[in-house]
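First the structure, in the form of C-alpha cells, and then the observations on it.
The values are calculated or read from the model by the stated rules, or taken from the named source; none is laboratory data. None of these values were measured; they are calculated from a predicted model. Counting neighbours? That spans all protein chains shown, and the Cβs are built from the backbone with ideal geometry, glycine included. Heads up: the accessible areas ignore ligands, DNA and RNA and are worked out on the full protein's heavy atoms, side chains in. Shrake-Rupley method; radii C 1.70, N 1.55, O 1.52, S 1.80 Å.
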Amino acid sequence: MTALPPSAWYPVALAADIDPGTANGTRLFDREIVVWRDSASVPHVWEDRCPHRGMRLSLGFVRGDHLACLYHGWQYDADGQCRLIPAHPQMSPPDTIRVPPLASVERLGMLWAHTGVESSGGPPLEERPVRPVRSIAVDCPPEAALSRLGYFSGPTGDDGGSGDWTVAAPAPSLVVVGSGDHAILIGIQPLSTRQCVLHAVIAGPGGDGLRISHWLEEFRLAVEAEAVQ
Amino acid sequence: MSIVLYDNELDDGCYKVRLMLAALHLEHTRVPVGTGPLTPQLRRLNPRGTLPILADNDLILHGGEAIAAFLARRYDPLDRWFPADDPVLFGQTMIWLSFGAEALRSASVARRQAMFEVEAPSARIIAAARTSFRVMEDHMTARRLTGGRWFVGERPTVADIVLFPAFALSGDAGIEHDAYPALRHWARRFRTIPGFRTMPGIPDYY
Ligand code: FES
C-alpha cells in the first residue's frame, strides 16, 4: 500500500453538501480546516483557526462574503484578511491578521483543497456532469480504502451486474468504478491516518443513488472489519 | 391548565422537553434543578431519580421521550407532531423514540462524563455514541436520496425533537460533525422550526 502524498489535491466535501452561507469544519491529515461558501456561492477552504484566540472558525457564521468568528465576531474577507474587529469598529485591521487559505476548487461535484503551497490549477481531472450520492466516513486508513476499492465488487442490480465493473484511479485520491453507461466516482478524503471519508457521485445517465449508498455501507463494513484484524 | 417542568439547563433530556414545549407554543413554568442527585421531594415524583420531570396538573411524567410524546398527543390538535393515527408513521416514530431513549444514551453519558467528571469518557462509550450517530446518518442519507427531509414522514415530528439534542451537543464529548453531513443538514433545517431555541453548547446565530 503506497502512502498518499502529503502535498496534493484532496476532496473535502460534496459540493452539494456545502450550502451558500454556511461553514463546516473537517480535517485533512489531522489538520483542521473550515470549508465555507459565501453568499455568492463561492467556496473557500481555510485553516480552521481564528487568529484572535485560536477558536475554530467553522463554528462561526457567514455574513455576505465574510466569515465571522463566533467568539468575538472578528470578520475575514474572501482572501482570509481580517476586515472588522467589532470591539474597535473604527480601526482597520492590520494586514498581518489573516487566516491562511488553502487552494481550493470545485470539480466533479466535489470541493477539493490542496494541502501544499500550490495556488492554481486544481486536480488534473476532466470536468463532467455528475449527481451527488453521499459522503460516508470510514474508520480505516485512507490507503486501505483506496486499495480495497480496487477489488470490491460493484453494486448489483438491474442497472449493472457485479461482473462487468471496471476500476480506475485517475488521481491519487479518486477511484472510478465504471459499468456500462455510468460510473461511480469516489473521492477519498484522509481525515487522519486511521479515518477517511469517501465522497461519491454518479456520472452518466444510469445509476440508482440509494442502491449505491447501500453498497458503500457494505464496503464500509468490509473494510472496517479488515482494518480491525 | 398548568404545566411545570423540573428542568436542568445543561441536561440534554430536559432540552428535548423544552424543544417540544417551544414547538407547541405551550405556556409553562420551569423549576430550575441543579446538577447532581435529586432531592427526596423530586424523587417522589420520579423514583428513577432522573430529569426531566413534568407535571401537568395532577399528572406526573418522567423521561424526555415519554414527556415529548405525551405533549404532542395532548396539545397538538392536528396530530402532526406525533402522527399516531397512521399505523405506519406511528411505528416509524416509535423506532426513533426508543432509539432516543436507548441508543443515544451513550452519547448522553459520554457528554455528561466529559463535562462533569474528572475522567474522560471511555473509548467504548465514545464508540457506542458514534455507532448511534452513524445509524442516524445512514437513515437520513437514505431519506435524502428518496426525497425525505425529516426522520419520519413529510414534516418534523417528535422523532426529530428527541434526536436533535444528542447530535447538536456531541461536540461537548469531542465528537465532531464532519462524519455526518446528512445529519448536519438536518440539524440546520431543524433550527428553522418555529419556536426553536438553543441551549448552552449550541451556538445561537443565523
Ligand atoms: S477567537 Fe475569533 S474573534 Fe476572538
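When both residues are 6+ apart or on different chains and their Cβ atoms are under 7 Å apart, which pairs have a first residue that lies in the range A:81-99 and is touching a residue at least 24 places away in the same chain (Cβ under 8 Å), and a second that is open to solvent by less than 60 Å² (accessible area, probe 1.4 Å) and away from the ligand (no atom under 14 Å from the Cβ)?
Pairs found: A:98/A:81.
Taking only the range A:95-108 into account, find how many residues are open to solvent by 60 Å² or more (accessible area, probe 1.4 Å) and either within 14 Å of another protein chain (Cβ to nearest Cβ) or within 16 Å of the ligand (Cβ to nearest atom) (or both).
Number of matching residues: 3.
What are the residues in the range A:67-79 that are within 21 Å of the chain's Cα centre (by Cα) and modelled with pLDDT of 95 or more, if any?
A:67
Tell me which residues, restricted to the range B:172-206, are under 27 Å from residue A:110 (Cα atoms), in contact (Cβ under 8 Å) with a residue 40 or more places away in the chain, in a loop (DSSP other than H, G, I, E, B) and more than 8 Å from chain A (Cβ to nearest Cβ).
Selection gives B:174, B:175.
Please list, ordered by residue number, the helices (runs of 4 or more DSSP H) wholly in the range B:81-160 having 1 or more residues that are within 14 Å of chain A (Cβ to nearest Cβ) and in contact (Cβ under 8 Å) with a residue 40 or more places away in the chain.
B:123-145
Does the range A:171-226 hold any residues that are under 29 Å from residue A:32 (Cα atoms) and among the charged types (D, E, K, R), and which are they?
Of everything in the range A:171-226, those that are under 29 Å from residue A:32 (Cα atoms) and among the charged types (D, E, K, R) turn out to be A:194, A:217, A:218, A:220, A:224, A:226.
Out of the residues in the range A:35-75 that are of a type in the set (Ser, Thr, Tyr) and under 23 Å from residue A:16 (Cβ atoms), which is farthest from the other protein chains (Cβ to nearest Cβ)?
Residue satisfying both the conditions and the ranking: A:41.
State whether the residues of the range A:65-78 include one that is open to solvent by 20 Å² or more (accessible area, probe 1.4 Å), in the same structural domain as residue A:92 (by TED's automatic domain parsing), among the polar types (S, T, N, Q) and within 15 Å of the ligand (Cβ to nearest atom).
yes
Just checking, does the range A:53-63 include any residue being away from the ligand (no atom under 16 Å from the Cβ), exposed (fewer than 15 other Cβ atoms within 10 Å of the Cβ), more than 21 Å from the chain's Cα centre (by Cα) and more than 22 Å from residue A:200 (Cα to Cα)?
No, there is no match, as no residue in the range A:53-63 is away from the ligand (no atom under 16 Å from the Cβ), exposed (fewer than 15 other Cβ atoms within 10 Å of the Cβ), more than 21 Å from the chain's Cα centre (by Cα) and more than 22 Å from residue A:200 (Cα to Cα).
I want to confirm something. Restricting to the range A:146-160 and keeping residues that are open to solvent by less than 40 Å² (accessible area, probe 1.4 Å) and more than 14 Å from chain B (Cβ to nearest Cβ), which single residue is modelled with the lowest pLDDT?
In this case the residue turns out to be A:160.
Results for (1) surrounded by 18 or more Cβ atoms within 10 Å (Cβ to Cβ); (2) among the β-branched types (Val, Ile, Thr); (3) within 16 Å of the ligand (Cβ to nearest atom); (4) on the phi > 0 side of the Ramachandran plot, shown as yes or no for each residue.
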residue: A:3; (1), (2), (3), (4): no, no, no, no
residue: A:6; (1), (2), (3), (4): no, no, no, no
residue: A:9; (1), (2), (3), (4): yes, no, no, no
residue: A:17; (1), (2), (3), (4): yes, no, no, no
residue: A:21; (1), (2), (3), (4): no, no, no, yes
residue: A:24; (1), (2), (3), (4): yes, no, no, no
residue: A:29; (1), (2), (3), (4): no, no, no, yes
residue: A:35; (1), (2), (3), (4): yes, yes, no, no
residue: A:50; (1), (2), (3), (4): yes, no, yes, no
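Hey, can you tell me all the residues within the range B:83-118 that are open to solvent by 80 Å² or more (accessible area, probe 1.4 Å) and β-branched (Val, Ile, Thr)?
Those that are open to solvent by 80 Å² or more (accessible area, probe 1.4 Å) and β-branched (Val, Ile, Thr): B:88, B:95, B:118.
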